[in-house]
Amino acid sequence: SWVQEDQLRMPTAPPLDSLPLSTEVPQAQAPLEGFTFEGYRNADGTVGTRNILGITTTVQCVTGVLDHAVKRIKDELLPKYPHVDDVVALTHSYGCGVAITATDAYIPIRTVRNLARNPNLGGEALVISLGCEKLQAGQVMHDN
C-alpha cells in the first residue's frame, strides 16, 4: 500500500516563543585527580587518542597524486611504523582559479585548516601544493 501525504495529519508545532529555555548555568566541575587516559598531549595543548598522518592539499588538482601517495605510504611505510595508526588524505574540491580574497573564501579555507588541525593528527599536517594555485600552503595552515 502507498502512503498519501495529503492523508497524513501531523501535530502542529508549538510556537518558538512558548518553548521552555534553560537559563540555569551549571557550576564548574572540579578537575579530576589521579586519572589518565590512553592519549597524548600535542605541543599546542590539544590532546589526541590516535596518531594519524594527515595530508591535505591547496588545490583539487593534486587529489589524484595525493590519493596515490597515501596508498603507497599505507602499503610500504606504515607497516614500518607501528606507533602510527593511519594515513589520511584531506582533500577538497577547491580549484586553482578561485578568488581567494572573495568575501566567503575563508569558509573552505577554514574548513581545510580545521580538519588539518585535528588533535589526532599530532598537531601537524602535511600540505601538498603545485605552487601555481592562488591558495598557498601558508594560507591553509596559518590564520590570516
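Derivation of every value follows stated rules applied to the coordinates shown; laboratory data play no part. Since we're looking at a predicted model, the values are computed, not measured. With ideal geometry, Cβ positions are generated from the backbone for all residues, glycine too; neighbour counts draw on all protein chains shown.
DSSP loop (so not H, G, I, E, B), at most 10 other Cβ within 10 Å: list which GluC sites (Glu not before Pro) in the range 34-125 pass both filters.
In loop regions of the range 34-125 (DSSP not H, G, I, E or B), the sparsely surrounded GluC sites (Glu not before Pro) are Glu38.
Normalising by the residue count of the chain, find the relative contact order in percent from Cα pairs under 8 Å and 6+ residues apart.
Across the chain, relative contact order equals 29 percent.
Could you work out [θ]222 nm for the chain from helices alone, using -39500 (n - 2.57) per DSSP H run of at least four and dividing by all its residues? Round to the nearest 500 deg cm²/dmol.
One gets -5000 deg cm²/dmol as the mean residue ellipticity at 222 nm.
Does the range 62-115 classify as rounded, prolate or oblate by the C-alpha gyration tensor (a ≥ b ≥ c root eigenvalues; a/c under 1.5 gives rounded; else a/b over b/c gives prolate, otherwise oblate)?
oblate
Given Cα pairs under 8 Å that are at least 6 residues apart, what percent is the relative contact order of the range 53-133?
Result for the range 53-133 is 50 percent.
Going by a ≥ b ≥ c, the root eigenvalues of the Cα gyration tensor, does the range 1-74 fall in the rounded group (a/c under 1.5), the prolate group (a/b larger than b/c) or the oblate group?
Since a/c reaches 1.5 but b/c is at least a/b, the shape of the range 1-74 is classed as oblate.
Using Stokes-Einstein with the Kirkwood hydrodynamic radius over Cα pairs, what translational diffusion coefficient do you get for the range 40-141 at 20 °C and a viscosity of 1.002 mPa s, in µm²/s rounded to a whole number?
So the translational diffusion coefficient is about 150 µm²/s.
Any chance you could give the angle, 0 to 90 degrees and rounded to 10, that helix 106-116 forms with the longest Cα principal axis of the chain?
Compared with the principal axis, the helix lies near 70 degrees.
How many angstrom lie between the C-alpha centres of the range 98-144 and the range 39-93?
About 15 Å separates the Cα centre of the range 98-144 from the one of the range 39-93.
Given R₀ = 30 Å, what would the calculated FRET efficiency be for Ala43 paired with Lys74, taking r from the Cβ atoms and rounding to 0.05?
My answer for the efficiency is 0.70.
For the range 40-141, what proportion of DSSP beta bridges, expressed in % and rounded to the nearest 5, is antiparallel?
In the range 40-141, approximately 20 percent of DSSP beta bridges are antiparallel ones.
Can you figure out the FRET efficiency of Arg50 with Thr101, using R₀ = 25 Å and their beta-carbon distance, to the nearest 0.05?
0.10
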